[in-house]
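Here the structure comes first, spelled out in structure tokens, and everything after it is commentary.
The values are calculated or read from the model by the stated rules, or taken from the named source; none is laboratory data. Because the structure is predicted, anything quoted here is derived from the model rather than measured. Note that each Cβ is placed from the backbone with ideal geometry, even for glycine, and that neighbours are counted across all protein chains shown. Ligands, DNA and RNA are excluded from the accessible area calculation, which covers all protein heavy atoms including side chains. Shrake-Rupley method; radii C 1.70, N 1.55, O 1.52, S 1.80 Å.
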Amino acid sequence: MKYLDEYRDSSLARPLVEALKTSVTKPLRIMEVCGSHTMAIFRNGIRSILPRGMELISGPGCPVCVTSSAHMDAFISMADEPGVRLAIFGDLFRVPGSNGSLAEASSRGAKVNIVYSPMDGLEIARKNPDEHVVFLGVGFETTTPTIAATILAAKNQQITNFTVFSTQKTMLPPMRALLDDPNLKIDGLICPGHVSSIIGSSVWEPLADEYGLACVVGGFETADLLKSLILLARQVGEGRPRVENVYPRAVSPEGNLRARQMVEEIFEPADMEWRGLGILPGSGLKIRDKYCEFDAESRFDIRLQAVEEPKGCKCGEILKGICSPRECPLFDSRCTPANPIGPCMVSSEGTCAAYYKYGRE
Ligand code: SF4
């Protein structure tokens, strides 16, 4: 398949592995921000060929993992509302709240549909006029435009039994919060490729300038990942942090302007609660008053309750990059993909799930 196979070609990868070895001239710690990168790095065996001195840690870029327990509980109580049907992305189904999961709610009769896009949720609403369909918006800048497009479609089609419960988040505020934490020591970032395809590579420039951080926007195939690490090592070695983009087939400096305009039309920044990071000002996206008829939080009286995180679970520290899954005493004992204690073990982009699948010793 074009744009995939050539980046997986081992004859291309071998010289890049050699180049990576010679590029690392001093110890360096790199954070891969995005959960898809975490999985791709494991899947491609990149960790096993890292040169001495280069360390990779995972960041907060898994949207399901950073969804707070309070939001999970609100989702589950909404599923239990009579006449309500939830439309959700599949990763959310088994995430534990403080008292069960959406899967458990579904088994006791709550109506929960797993969908591939918000438009599927709108279609379910169109076919079921006697029900109210709530799409759970759990994602970053990559998924926000599709939700904005769905709300515009709902308005155009005058569908009145569809709303969105938005916990959509943006990536820059949590990265600033992490970088301001003296406990986190990193030299560079593999910036998220999918998010950057919408917001543009130039968005990361303030992080490079203000924090002296090497930044490379990377893709998800073997060659993309190796090239990203080579450039990061060179930037750190030369002491010249900046933003480089090795994913130009998907990412431009300015991003997808049409998508950004659509998001701007529907959403506005709002404070948002993150698992492990607490409430970060302006890090979420709420639906503008102009479109409040599609805002589940306006239509239903949703109040978030303070909830304790699962006992012993270190998802919060893992999302902040200060702890690895192997440092969690529950990893691969009480917590497994079949019996997850925290979201990082459930999500297909979760760091604990990645370590369980590819990184067990
Ligand atoms: Fe939480 Fe399980 Fe990961 Fe431990 S292994 S941090 S309990 S999800």
Computed for segment 208-291: size of charge dipole around the Cα centre, +1 on C-beta of each Lys and Arg, -1 on C-beta of each Asp and Glu, debye to nearest 20, value 200 debye
Length gained, Arg326-Ala338, 0.36 nm per residue minus C-alpha separation, equals 2.6 nm
Relative contact order as a percentage, the chain, C-alpha pairs under 8 Å and 6+ apart, gives 23 percent
For the chain, the percent of accessible surface on carbon and sulfur atoms (probe 1.4 angstrom, ligands and nucleic acids excluded) is 49 percent
Around Thr170 (Cβ within 15 Å, Cβ-to-Cβ, excluding Thr170; K/R +1, D/E -1) the net charge comes to -1
In debye to the nearest 20, the charge dipole size for segment 1-77, taken about the Cα centre with +1 at each Lys and Arg Cβ and -1 at each Asp and Glu Cβ, equals 320 debye
Order by accessible surface, 1.4 Å probe, largest leading, for residues Lys320, Lys311 comes to Lys311, Lys320
Among Met54, Phe93, Phe135, the residue whose Cα sits farthest towards the positive end of the charge dipole of segment 1-139 (+1 at Cβ of Lys and Arg, -1 at Cβ of Asp and Glu, taken about the Cα centre) is Met54
Of 283-291, 139-147, ordering from highest average Cβ density within 10 Å down gives 139-147, 283-291
In nm², the average projected area of the convex hull spanned by the Cα atoms of the chain is 18.1 nm²
Within the chain, the percent of DSSP beta bridges that are antiparallel, given to the nearest 5, stands at 25 percent
Cβ-Cβ cut-off under 14 Å around Pro206, Lys and Arg +1, Asp and Glu -1: the net charge is -2
Computed over the chain: longest principal axis from alpha-carbon atoms vs helix 118-127 long axis, angle to nearest 10 degrees, is 20 degrees
Of 127-135, 207-215, ordering from highest average Cβ density within 10 Å down gives 207-215, 127-135
Within the under-11-Å Cβ sphere about Val66, not counting Val66, Lys/Arg +1 and Asp/Glu -1 give a net charge of +1
Amide H neighbours of Arg242 at under 5 Å, excluding residues fewer than 5 places away on the same chain, with H built from the backbone geometry, are Cys215
Taking 66-76, 178-188 and ranking on average Cβ neighbours within 10 Å, highest first, one gets 66-76, 178-188
Rounded to whole Å², per residue accessible area for the chain with a 1.4 Å probe reads 44 Å²
Taking R0 as 41 Å and r as the Cβ-Cβ distance between Val307 and Asp130, the FRET efficiency 1/(1 + (r/R0)^6), rounded to the nearest 0.05, comes to 0.80
What helix-only [θ] at 222 nm does the chain give? Using -39500 (n - 2.57) per DSSP H run of at least 4, over all residues, to the nearest 500, the answer is -10500 deg cm²/dmol
Toy charge model, Lys and Arg Cβ at +1, Asp and Glu Cβ at -1: the chain dipole around Cα centroid in debye, rounded to 20, equals 860 debye
